[in-house]
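*Asks:* Take a look at this one; I'll ask things after.
Where a number appears in this text, it was derived from the coordinates with a stated rule and is not lab data. The shown structure was predicted, so the numbers you read here are calculated from the model rather than taken from an experiment. Here the Cβ positions follow ideal geometry from the backbone for every residue, glycine too, while neighbour counts run over all protein chains shown.
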Amino acid sequence: MRILTVLFITLSILVFSFTHFSYAKEPLLPLHVTKQNQIKVQLGKQLFNDALLSKNKMYSCASCHHEDKAYSDGKAFSLGADGKPLSMNTPSLVYIDLNYYFTWTGKFSNLNDHLDMLITSPKIMNNTWETIIKRLSDNEDYLRLFNQSGYLKVDPEAIRDAIISFELSLSKPSRFDLYLHGDTQQLTIEEISGYQLFKDYGCSSCHQGMNVGGNMRQKFGVMRPYFKESNIKKRDYGYFNTSKSETDKYYFRVPSLRNVSKTAPYFHDASAKTLKKAIKIMFKYQLGIFPSDQDVENIEAFLNSLDAIYE
Amino acid sequence: MNKQIKHYIALFFIFLLLSLLIWTNFNSQISTLKSESALNVLLLELHKQDSDISQLILKSHSNLNSNFDELAHAQKALTEQIESLKLLLNTNNIQNINESISGDNLYFLYKKRLNQIEKFKSLHANINNSLRYLPKLEQQIRSQLDNKKFSLLIQTIDNIVINALGLKVFTEARIAQKNHRILLSLEKMTPDTNEQSRELISLFIWHAYKYQDLRKEMNLLIPQLINNPLAIELDKLEKIIGKIQFDKIYKTKKMRFYILIYAGLLSVIVVAFLINRRYLINNVLRHKKLSERDQLTNLNNRRSFIFNLELALKNSTKNNNHGAIIFIDLDGFKEINDTLGHQAGDKVLITIANRLTGIESKFCKNSLELNIARLGGDEFVILVELNCPDFDKSIIEQVAQEVVMQCAITLPDELKNADLSASVGICLFPQQGTDITLLLNNADKAMYHSKRKGKNCYTFYQSS
């Protein structure tokens with residue numbers, strides 16, 4: 001009896017410690033896809049591509065979020081409703097559900113609020129919900145679609161929900177996810193060594209989690225100041241513009257690295273035209289390291305393996 | 001009054017009280033209090049979420065968690081809960097009652113905490129990077145330099161790296177000071193090395209200083225994160241809300257009425273139960289008594305005698321006691337029954353029974369116990385138990401003698417001409433048997449012996 005008790009206690013301690021060992025896991029996690037209601041996604045897609053949403057009926061969401069560029073804009077700065085370029089580079093929309101907060105500075109932690117801002121901002125859609133609802137209610141097709149999707153009436157909540165359902169349906173696994181799931185054949189030697197370098201040099205300290213970033217803010221220029229004092233613009237202050245706290249100066253949301261090869265140019269001010277340059281800037285200003293060309297190439301190869309697989 | 005009617009009246013009363021209770025329940029404000037419990041549940045959840053966040057921060061701090069996904073999820077959940085708490089506080093109009101609780105202070109503290117968590121995340125990432133890069137630089141420098149010539153330099157760099165890793169442990173301020181001194185001395189050591197390694201060493205020094213600054217910041221942040229004022233504020237809020245709710249319950253008249261009715265119903269049920277219990281116990285006792293007594297003579301009957309005998313036998317084997325059965329058969333009883341009738345016979349039996357109980361009271365002492373029973377017809381039996389281990393036959397003889405004498409006394413009134421005597425047989429236990437039927441049988445045999453001897457005498461059983 002006593003032996004049994006001792007055995008039980010040791011076994012339970014072992015099991016307990018194993019569950020704790022499991023916490024020391026990889027900094028990067030494989031993608032977990034959530035299924036969306038397909039009818040809602042269809043409606044959201046139609047709304048996303050419809051210029052009705054802007055006041056002058058010239059822009060849709062898709063004007064700046066191109067599907068072939070992983071729903072980002074190829075340009076440095078997209079044009080706003082007033083015809084002038086926006087202050088920051090257009091970010092990608094894919095994997096948006098994995099982000100903890102949104103926009104470059106991460107001032108929105110709620111997609112609904114963010115969408116509200118996009119619709120009503122005079123620089124982007126320059127519209128009001130009333131006009132949008134009126135326009136949609138006049139359209140028989142839309143009324144039918146809203147009914148089919150299970151919305152009782154056309155209101156801001158329904159429109160936001162449909163668009164967000166569409167945005168959330170965009171997540172697709174990449175070759176790297178298959179690799180993390182155990183299919184080691186998916187990555188080449190260069191890509192695997194790139195991943196190792198990515199972890200060794202400390203890129204994965206910030207670009208971590210399921211979304212390879214997106215769940216924290218970091219100062220742009222940890223090791224040495226990135227922005228030149230003479231040429232600094234308001235957008236470069238980052239989260240400081242929202243919080244007005246001196247400690248938040250130059251703090252930006254760490255963007256996701258999934259699909260990174262398709263979302264050039266890089267950084268909020270589009271200052272890096274190529275991925276290689278972006279990696280070098282990150283090394284210099286964030287890590288304080290000057291890497292060899294071979295390392296940069298390997299890391300770039302690894303980042304390319306994060307692209308979603310489209311059939 | 002009829003018993004059943006009483007029952008019905010009691011049931012009716014209980015029913016009346018019960019319906020009154022249900023009515024007051026519907027009428028009182030208990031249901032409104034239920035809706036307020038949502039607030040309590042939310043506060044509890046908030047508390048849990050907050051402590052979860054603290055736990056996750058510590059996990060990340062000790063590198064058990066290598067990503068912030070869980071922390072970000074917890075932050076998101078906390079945000080949602082705070083929003084809904086704010087909404088509930090506004091709808092419940094609690095601020096009107098007590099000015100000290102408004103969601104504003106809570107919201108402010110929550111914002112502050114979120115900011116601290118964000119700071120923690122970025123600082124943690126930077127510190128981890130430095131910790132990863134410093135050993136790497138050390139290796140590069142080692143490969144560049146001659147091991148023997150620059151052994152002091154290499155050792156110093158080694159020391160710094162070890163200390164940097166050790167900064168994770170407790171005596172941080174002291175190690176930091178020491179590190180600072182070593183770094184200063186390291187700067188002085190560089191001149192004799194070549195160009196490339198000098199560059200590397202200066203890079204190393206730069207990184208080490210950077211790391212120290214980050215560490216300092218982190219050391220300030222961690223205590224703030226751990227003793228967070230949000231939890232204290234939540235505690236305060238919980239207390240205030242609990243007090244308000246208690247006051248609400250206590251101060252309503254309807255609630256008091258409800259409690260009064262409830263207590264009344266409970267006490268009525270309890271009293272009814274107690275009365276019923278007493279009644280049942282009395283009933284059972286009476287029936288038990290009846291079942292043990294002979295109806296005519298009020299002596300023990302055969303069943304209770306056998307029960308007592310069993311007990312006595314058990315006792316005798318356990319305590320090494322002795323005892324005897326004195327078997328009594330009345331001589332001439334049949335003639336009385338036949339000539340003077342059954343009524344006269346019954347009278348005789350009652351008289352004899354009374355005389356025998358007289359014997360019982362005469363002989364009963366601490367060491368001696370008599371138990372008289374009527375087995376049936378004109379047969380009586382006395383169970384004698386001696387409560388001392390040494391056996392004294394003379395006492396039993398005395399008892400038997402007394403029995404014979406008492407039975408031979410002339411009967412009163414119209415029965416004085418009747419001729420009545422007793423034949424007595426005695427069987428001892430445990431010497432002459434420990435089995436009930438055997439004992440009774442033996443006593444019976446001894447009694448017949450007395451009869452044959454000429455009646456009106458006693459005989460001890462002899463096995464031969």
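*Asks:* Checking the a/c ratio against 1.5 first, then a/b against b/c, what shape does the Cα gyration tensor give for the stretch A:157-297?
*Replies:* Working: a/c = 2.11, a/b = 1.13, b/c = 1.87.
Oblate, because a/c is 1.5 or more while a/b does not exceed b/c.
*Asks:* May I pose another question? Mind checking the mean number of beta-carbon atoms from other chains within 10 Å of the Cβ atoms in A:108-121? Don't jump to the answer; show the numbers that get you there.
*Replies:* Working: counts 0, 6, 4, 0, 0, 0, 0, 0, 0, 0, 0, 0, 0, 0.
Partner-chain Cβ atoms within 10 Å, mean over residues of A:108-121: 1.
*Asks:* Below 9 angstrom from the Cβ of A:T242, what's the summed charge of the other residues (Lys, Arg +1; Asp, Glu -1)? Walk me through the intermediate numbers first.
*Replies:* Numbers: positive: A:K107, A:K244; negative: A:D248.
Taking every Cβ under 9 Å from that of A:T242, the sum is +1.
*Asks:* What does the helix-only formula give at 222 nm for chain B: each DSSP H stretch with n ≥ 4 adding -39500 (n - 2.57), the total divided by the residues, and the result rounded to the nearest 500 deg cm²/dmol? Intermediate results must be reported in sequence, preceding the final value.
*Replies:* Working: 15 runs with 338 residues, N = 464.
After summing the helix terms and dividing by the residues of chain B, the value is -25500 deg cm²/dmol.
*Asks:* Just round it to a whole percent: the fraction of Cα-Cα distances in chain B exceeding 32 Å. Show your work: numbers first, answer last.
*Replies:* Working: 75446 of 107416 pairs.
Everything past 32 Å amounts to 70 percent.
*Asks:* Continuing with this model, one more query. Please pull out the direction-averaged projected area of the protein assembly as shown, using the convex hull of its alpha-carbon atoms, in nm² to one decimal place. Intermediate results must be reported in sequence, preceding the final value.
*Replies:* On the way: hull surface 267.9 nm².
That works out to 67.0 nm².
*Asks:* Can you pull out the trypsin sites (Lys or Arg not before Pro) in the stretch B:416-464 whose DSSP state is coil and whose Cβ has at most 10 other Cβ atoms within 10 Å?
*Replies:* Values: sites: B:K416, B:K445, B:K451, B:R452, B:K453, B:K455; in loops: B:K416, B:K455.
Qualifying residues, ordered by number: B:K416.
*Asks:* Here is a further query. Could you state the orientation-averaged shadow area of the convex hull built on the Cα atoms of chain A, in nm² to one decimal? Walk me through the numbers before you get to the answer.
*Replies:* Working: hull surface 89.8 nm².
Answer in nm², one decimal: 22.5.
*Asks:* Could you give the angle, 0 to 90 degrees to the nearest 10, between helix B:151-166's Cα long axis and the longest principal axis of the Cα atoms of chain B?
*Replies:* Tilt relative to chain B: about 40 degrees.
*Asks:* Cα centroid distance between the stretch A:240-273 and the stretch B:332-383, in Å?
*Replies:* Distance between centres, Cα-based: 117 Å.
*Asks:* Another question, then. Near A:N112, within a Cβ-to-Cβ distance under 11 Å, what is the net charge of the other residues, with Lys and Arg +1 and Asp and Glu -1? Before the final figure, lay out the partial values.
*Replies:* Numbers: positive: A:R160; negative: A:D113, A:D116, A:E157, A:D161.
Here the count lands on -3.
*Asks:* Go through the stretch B:238-244 residue by residue and turn each phi into a ³J(HN,Hα) via Karplus (6.51, -1.76, 1.60, θ = phi - 60°); whole Hz please, and just put x for glycine and proline.
*Replies:* Values per residue, Gly and Pro as x: 4, 4, 5, 5, x, 5, 4 Hz.
*Asks:* Here's another thing I want to ask about it. Around A:M216, what is the net charge, scoring Lys/Arg as +1 and Asp/Glu as -1 over all other residues with Cβ under 12 Å from its Cβ? Walk me through the numbers before you get to the answer.
*Replies:* On the way: positive: A:R217, A:K219, A:R253, B:K119, B:K121; negative: B:D69, B:E118.
That works out to +3.
*Asks:* Related question: Note the angle between two axes, namely the Cα long axis of helix B:195-226 and the longest principal axis of the Cα atoms of chain B, as a number of degrees from 0 to 90, rounded to the nearest 10.
*Replies:* Between the helix axis and the principal axis of chain B, the angle is about 40 degrees.
*Asks:* What is the helix-to-structure angle for B:393-408, meaning the angle in degrees between its Cα long axis and the longest Cα principal axis of chain B, kept from 0 to 90 and rounded to the nearest 10?
*Replies:* 50
*Asks:* Could you tell me what % of all Cα pairs in the stretch B:302-460 have separations over 24 Å? Present the calculation step by step, with values, prior to reporting the outcome.
*Replies:* Numbers: 3910 of 12561 pairs.
The proportion of pairs with Cα distances above 24 Å equals 31 percent.
*Asks:* If you don't mind, another one. Taking the convex hull of the Cα atoms, report for the stretch A:140-240 its projected area averaged over all directions, in nm². Kindly include the intermediate steps, with their values, before the conclusion.
*Replies:* Values: hull surface 48.8 nm².
For the stretch A:140-240, averaging the hull's shadow over all directions gives 12.2 nm².
*Asks:* Over chain A, with a Gaussian network built from C-alpha contacts below 10 Å, which listed residue (A:S245, A:S204, A:S12) shows the highest mean-square fluctuation?
*Replies:* A:S12
*Asks:* Cross-link partners among aspartates and glutamates for B:K178, C-alpha distance below 15 Å, same-chain residues fewer than 8 apart left out?
*Replies:* Answer for B:K178, where 15 Å is the Cα cut-off: B:D158, B:E187, B:D213, listed by chain and number.
*Asks:* Within the set A:K244/A:K280; B:K149/B:K188; A:K84/A:K244, which residue pairs have Cα atoms separated by over 24 Å?
*Replies:* Working: A:K244/A:K280 30 Å; B:K149/B:K188 16 Å; A:K84/A:K244 26 Å.
Pairs exceeding 24 Å: A:K244/A:K280; A:K84/A:K244.
*Asks:* Out of the trypsin sites (Lys or Arg not before Pro) in the stretch A:148-215, which ones are loop residues according to DSSP with at most 13 other C-beta atoms within 10 Å? Before the final figure, lay out each step's value.
*Replies:* Details: sites: A:K153, A:R160, A:R175, A:K199; in loops: A:K153.
For trypsin sites (Lys or Arg not before Pro) across the stretch A:148-215 that sit outside H, G, I, E and B with at most 13 neighbouring Cβ atoms in 10 Å, the list reads A:K153.
*Asks:* Please give the charge dipole size of the protein assembly as shown, origin at the Cα centre, charges +1 on K and R Cβ atoms and -1 on D and E Cβ atoms. Round to the nearest 20 debye.
*Replies:* Working: 94 positive and 80 negative charges, 358 e Å.
I would put it at about 1720 debye.
*Asks:* Give the dimensionless ratio obtained when the Cα radius of gyration of the stretch B:224-268 is divided by 2.2 N^0.38 Å. If you can, show how the numbers build up before the last one.
*Replies:* Values: Rg = 18.2 Å, N = 45, 2.2 N^0.38 = 9.3 Å.
So the stretch B:224-268 has a normalised radius of gyration of 1.95.
*Asks:* Still on this structure: Quantify how strongly other chains surround peptide B:67-79 by giving the mean number of their Cβ atoms within 10 Å of each of its Cβ atoms. Could you put the intermediate results ahead of the total?
*Replies:* Numbers: counts 15, 11, 10, 3, 4, 11, 3, 0, 4, 5, 0, 0, 4.
The shielding value for this peptide is 5.
*Asks:* Less than 17 Å apart at the alpha-carbon level, and either on another chain or at least 8 residues along: which lysines does that give for B:K455?
*Replies:* List returned: B:K334, B:K445.
*Asks:* Continuing with this model, one more query. For peptide A:205-212, what's the mean number of Cβ atoms from other chains within 10 Å of each residue's Cβ?
*Replies:* Working: counts 14, 8, 2, 7, 8, 3, 3, 1.
Across the residues of A:205-212, the mean count of other-chain Cβ atoms within 10 Å is 6.
*Asks:* Show that you can apply the helix-only estimate: for chain A, add -39,500 (n - 2.57) for every DSSP H stretch of four or more residues, divide by all residues, and state [θ] at 222 nm to the nearest 500.
*Replies:* Values: 11 runs with 113 residues, N = 311.
Calculated from helices alone, the mean residue ellipticity at 222 nm is -11000 deg cm²/dmol.
*Asks:* Which of the lysines could a cross-linker span from A:K172 if the Cα-Cα distance has to be under 22 Å and same-chain partners fewer than 8 positions apart are dropped?
*Replies:* A:K35, A:K40, A:K45, A:K69, A:K262
*Asks:* Ok, one more. Within chain A, which whole H helices from DSSP have a Cα span along their axis of at least 27 Å and a mean Kyte-Doolittle hydropathy of -1.0 or more, if any?
*Replies:* On the way: long enough: A:2-21 (28 Å, 1.84).
Span-like helices here: A:2-21.
*Asks:* Let me ask something else. What shape does the stretch A:38-168 take by its C-alpha gyration tensor, where a ≥ b ≥ c are the square roots of the eigenvalues and a/c under 1.5 counts as rounded, a/b above b/c as prolate, and the rest as oblate?
*Replies:* Prolate is the answer for the stretch A:38-168, as a/c is 1.5 or above and a/b outweighs b/c.
*Asks:* If you average 1/r over every pair of different alpha-carbon atoms in the stretch B:346-387 and take one over that average, what Kirkwood value in Å do you get?
*Replies:* Working: mean 1/r = 0.0919 Å⁻¹.
About 10.9 Å for the stretch B:346-387.
*Asks:* At 10 °C and 1.306 mPa s, what whole-number value in µm²/s does Stokes-Einstein give for the translational diffusion of the stretch B:29-251, with Rh from the Kirkwood sum over Cα pairs?
*Replies:* Approximately 76 µm²/s, per Stokes-Einstein.
*Asks:* Could you compute the FRET efficiency for B:R256 and B:K111, with r as their C-beta to C-beta distance and R0 at 45 Å, rounded to 0.05? Intermediate results must be reported in sequence, preceding the final value.
*Replies:* Numbers: r = 44 Å, r/R0 = 0.97.
Efficiency at R0 = 45 Å is approximately 0.55.
*Asks:* Can you compute the radius of gyration and Dmax for the stretch B:118-164, using only the Cα atoms, both in Å?
*Replies:* So, for the stretch B:118-164, Rg and Dmax equal 13.7, 47 Å respectively.
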